[in-house]
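To start, the structure under review is shown below, and the notes come after it.
Read-outs: derived from the displayed coordinates by stated rules, not from any lab. Fair warning: this is a prediction, and the values are worked out from it, not measured in the lab. Using ideal geometry, Cβ is built from the backbone for each residue, glycine included, and neighbour counts are taken over all protein chains shown.
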Amino acid sequence: MAMKWHVLDAVFKRNFVAYFSNPTGYVFICVFVLLGSLAAFWPPEFFNSNLANLDQLNRYLPYIMLVFIPAITMSVWAEERRQGTDELLLTIPATDQEVVFGKYLAAVGIFTVALMFSMVCNLIILLRWGTPDAGLFFTNYLGYWFVGLAMLAIGMVASFLTSQPDRRICARPAAQRSAGGGRSSGHRDEPVVGGNSAVVEHG
């Protein structure tokens with residue numbers, strides 16, 4: 001089944017804008033940029049090698065992303081629960097795959113923005129202290145981006161699987177209330193009909 005691109009676009013915009021409408025999102029990006037710069041330039045190996053590259057960041061960035069990536073993937077579902085709109089996802093004309101893929105694109109956009117800020121900051125520092133190899137520098141960040149895409153995919157699947165039981169539990173009481181309402185209304189009609197027939201027989 002082909003995905004509805006207008007649904008993907010709506011889910012993407014909603015989650016992307018919601019992330020940056022919360023101050024916590026900016027805090028996480030600032031922490032990510034700060035930790036990336038510290039990992040790249042704080043170790044003494046950077047000055048001992050006398051090379052304007054990101055060898056030290058290559059060593060520590062996977063550990064930083066192990067903290068930052070789950071913060072992104074969990075936030076796209078936690079925001080739905082916080083606003084109480086997680087049940088609304090069950091009513092929109094979209095499949096689970098479309099919702100998850102739209103949220104994944106939003107997470108990719110958030111990660112890309114954070115990585116761009118990190119790239120600009122580290123490039124400024126390297127240009128201040130030396131002459132970095134542009135091809136090597138941008139290739140490093142391209143590799144970081146692809147690693148982030150893979151980690152985001154794993155995190156989104158894990159977040160989606162853990163949120164599915166909650167969504168089913170939320171949906172079940174609503175269905176029971178709807179079915180119960182139909183039964184109760186039927187019970188209310190029966191005494192009225194019986195009462196009318198009794199009056200007719202008495203008359």
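Counting neighbouring beta carbons within 10 Å and listing from fewest to most, the residues 139, 73 come out as 139, 73.
Between residue 162 and residue 4, the FRET efficiency from the beta-carbon distance, with R0 = 22 Å, is close to 0.30. Given the C-alpha centroids of segment 1-53 and segment 113-150, what is the distance between them in whole angstrom? The distance from the Cα centre of segment 1-53 to that of segment 113-150 comes to 12 Å.
Coupling constants for segment 133-145 follow from the phi torsions by the Karplus curve (6.51 cos²θ - 1.76 cosθ + 1.60, θ = phi - 60°), and in residue order they are 6, 4, x, 5, 5, 5, 5, 4, 6, 5, x, 4, 5 Hz; glycine and proline get x. For an R0 of 35 angstrom, estimate the FRET efficiency from the Cβ-Cβ distance between residue 50 and residue 138 and round to the nearest 0.05. After rounding to 0.05, the efficiency reads 0.95.
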